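Peer 1: Have a look at this one.
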Amino acid sequence: MLLAKYPRRSYTHAKTPVEKLPHLTKLLNGPSIYIKRDDLLGLAGGGNKTRKLEFLIADALRKGADTIVTGGALQSNHCRLTLAAAVKEGLKCQLVLEEGIATPYEPGANGNNLLFKLLGAESIKVVPHGSDIIAEMQTLSEELTMAGRTPYVIPIGGSNALGSVGYAACAQEILQQTFEDGLVLDDVVVASGSGGTQAGLIVGLHASSAPITVHGINVSRPNETQIPKITDLVQQTADYLNVSANHLADHVHCYDGYVGEGYTIPTQGMIEAVQMLARTEGILLDSVYTGKVMAGLIDLIRKGAFKKEDNVLFVHTGGSPSLYATPALFDEDLFAL
Ligand SMILES: Cc1ncc(COP(=O)(O)O)c(C=O)c1O
């Protein structure tokens with residue numbers, strides 16, 4: 001892959017660290033656990049979208065856009081970071097937010113909602129749960145065009161082939177860092193949501209012939225819909241990057257046992273995982289994505305899915321700003337040292 005040929009903006013000034021988690025490793029008595037600190041990426045509050053936005057915003061600028069349109073859930077990290085990137089580039093940004101099943105929009109809510117206002121979203125359109133957000137974004141874009149503006153629509157989660165290139169680049173970064181540290185990774189564990197993170201990592205590792213298994217922990221869908229979604233995005237990303245997609249479908253591994261009742265709905269495992277990482281390693285996760293992913297990793301280790309001599313990398317995709325929207329979630333202690 002020759003990623004330098006794709007237009008890219010740079011929003012982070014160094015590689016994000018790969019750190020060992022010694023206390024967690026000891027506590028779980030399984031494989032050696034490492035963490036890729038993508039929660040420390042640039043833009044307001046860090047997180048995985050920053051890598052996708054480096055390519056997506058470069059494309060928007062190349063096409064002369066003056067307004068970014070995107071959408072997500074009420075506490076969307078993707079919307080916060082897209083808005084921050086737009087601000088940095090002097091672009092306007094309009095958001096479409098979908099209410100949750102049991103969580104209506106609260107204008108005064110904390111977390112990312114507060115940050116949408118602080119970062120100066122030009123408009124926020126709230127739509128009921130189950131609305132077609134893609135159609136809503138399209139309508140907004142057409143209205144902007146009719147008003148003489150030049151909109152650029154970024155898909156939910158930044159997960160198209162171009163956004164996924166950000167994580168193919170991350171795969172290269174991980175391989176370089178682990179090479180420098182003499183660390184031979186066996187497995188990567190990462191969130192599987194809109195899919196660009198997992199798909200980009202799969203394609204990037206495959207393109208370097210690295211025999212590292214990527215385990216996607218689903219945060220919103222069952223395997224019957226998530227696996228085809230990731231497989232399709234892997235194919236599109238491989239095509240875009242001119243990487244041979246032979247047998248790539250065999251590299252798509254998803255786990256749907258940790259979603260609980262659905263997207264954003266808390267689970268006991270998530271609460272335990274968030275408290276465990278905070279209290280063993282001093283690292284903040286979030287309740288919607290990384291907490292459920294860590295719950296999956298903990299459970300897989302407890303079930304003996306990895307060998308003791310394995311090296312497993314957990315990709316921290318960010319999200320901790322949303323913790324401040326739901327403080328009561330962690331009232332009960334499910335983990336104590
Ligand atoms: C903090 C965080 N982690 C993980 C994800 C999931 O990443 P992807 O949508 O690329 O599957 C998201 C998506 O919004 C996120 O905000």
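Peer 1: Rounded, prolate or oblate: which fits the range 49-158 when a ≥ b ≥ c are the square roots of the eigenvalues of the alpha-carbon gyration tensor, with rounded for a/c under 1.5 and prolate only if a/b beats b/c?
Peer 2: Judged from the Cα gyration tensor, the range 49-158 comes out prolate (a/c at least 1.5, a/b above b/c).
Peer 1: Still on this structure, please answer the following. Select from Gly90, Gly182, Gly291 the residue whose mean-square fluctuation is largest in a Gaussian network model of the chain (Cα-Cα springs shorter than 10 Å).
Peer 2: Result for the chain, Cα springs under 10 Å: Gly182 fluctuates most.
Peer 1: Suppose R0 equals 30 Å. What FRET efficiency, 1/(1 + (r/R0)^6) with r the Cβ-Cβ distance, do Asp132 and Asp250 give to the nearest 0.05?
Peer 2: 0.35
Peer 1: What is the packing order of peptides 240-247, 221-228, taking the mean over residues of other C-beta atoms within 10 Å and listing the highest first?
Peer 2: 221-228, 240-247
Peer 1: A further question on this structure: How charged is the neighbourhood of Phe179? Take every other residue with its Cβ under 14 Å from the Cβ of Phe179, and add Lys/Arg as +1 and Asp/Glu as -1.
Peer 2: Net local charge, Phe179 excluded: -2.
Peer 1: Read phi for every residue in the range 310-321 and hand back ³J(HN,Hα) as whole Hz from Karplus 6.51 cos²θ - 1.76 cosθ + 1.60, θ = phi - 60°, with x for Gly and Pro.
Peer 2: Computed from phi, the couplings for the range 310-321 are 6, 10, 10, 9, 8, 8, 7, 8, x, x, 5, x Hz.
Peer 1: Using DSSP to define loop residues, name the GluC sites (Glu not before Pro) in the range 234-337 whose beta-carbon has at most 14 other beta-carbon atoms within 10 Å. Please list the in-between numbers first.
Peer 2: Working: sites: Glu261, Glu272, Glu281, Glu309, Glu332; in loops: Glu261, Glu309, Glu332.
Answer by residue number: Glu261, Glu309, Glu332.
Peer 1: Further question: With charges only on Cβ, +1 for K and R and -1 for D and E, what is the dipole size of the range 189-337 about its Cα centre, in debye, rounded to 20?
Peer 2: Numbers: 8 positive and 15 negative charges, 48 e Å.
Dipole of the range 189-337, to the nearest 20 debye: 220 debye.
Peer 1: Counting Lys +1, Arg +1, Asp -1, Glu -1, what net charge surrounds Leu21 among other residues with beta carbon under 13 Å of its beta carbon?
Peer 2: +3
Peer 1: Pick out, in residue order, every one of the trypsin sites (Lys or Arg not before Pro) in the range 15-93 that is DSSP loop and has at most 13 other C-beta atoms within 10 Å; say none if there are none.
Peer 2: Numbers: sites: Lys15, Lys20, Lys26, Lys36, Arg37, Lys49, Arg51, Lys52, Arg62, Lys63, Arg80, Lys88, Lys92; in loops: Lys15, Lys63.
Answer by residue number: Lys63.
Peer 1: Output the pairs from Lys49/Lys92; Lys88/Lys117; Lys5/Lys125; Lys26/Lys52; Lys15/Lys303 with a Cα-Cα distance over 25 Å in this structure; if there are none, say none. Each step should come with its number before you reach the end.
Peer 2: Working: Lys49/Lys92 18 Å; Lys88/Lys117 15 Å; Lys5/Lys125 36 Å; Lys26/Lys52 34 Å; Lys15/Lys303 33 Å.
Correct reply: Lys5/Lys125; Lys26/Lys52; Lys15/Lys303.
Peer 1: Taking a ≥ b ≥ c as the square roots of the Cα gyration tensor eigenvalues, with a/c under 1.5 meaning rounded and otherwise prolate when a/b beats b/c, else oblate, which class fits the chain?
Peer 2: Oblate, since a/c reaches 1.5 and b/c is not below a/b.
Peer 1: Among Ser159, Ser10, what is the fewest-to-most ranking by other Cβ atoms within 10 Å?
Peer 2: Ser10, Ser159
Peer 1: Under the classification rounded if a/c is under 1.5, otherwise prolate if a/b is larger than b/c and oblate if not, where does the range 21-103 fall, given a ≥ b ≥ c as square roots of the Cα gyration tensor eigenvalues? Kindly include the intermediate steps, with their values, before the conclusion.
Peer 2: Values: a/c = 3.63, a/b = 1.79, b/c = 2.02.
Note, shape of the range 21-103 comes out oblate.
Peer 1: Between beta-carbons, use under 12 Å as the cut-off and find the net charge around Ala245, counting Lys and Arg +1, Asp and Glu -1.
Peer 2: That sum, taken over residues with Cβ under 12 Å, equals -3.
Peer 1: Cut-off 10 angstrom, C-alpha nodes, Gaussian network model of the chain. Which of Leu24, Leu83, Leu285 fluctuates the most?
Peer 2: It is Leu24.
Peer 1: Given the C-alpha centroids of the range 80-113 and the range 150-170, what is the distance between them in whole angstrom?
Peer 2: Comparing the Cα centres of the range 80-113 and the range 150-170, I get a distance of 17 Å.
Peer 1: If you don't mind, another one. I want to verify a result. In a Gaussian network model of the chain, Cα cutoff 10 Å, which of these has the top mean-square fluctuation: Glu54, Glu98, Glu122?
Peer 2: Glu122
Bear in mind that the values in this text are calculations on the coordinates, not laboratory data. Keep in mind it's a predicted model, so treat the numbers as computed, not measured. Because the Cβ atoms are built from the backbone with ideal geometry, glycine has one as well, and the counts that use them run over all protein chains shown.
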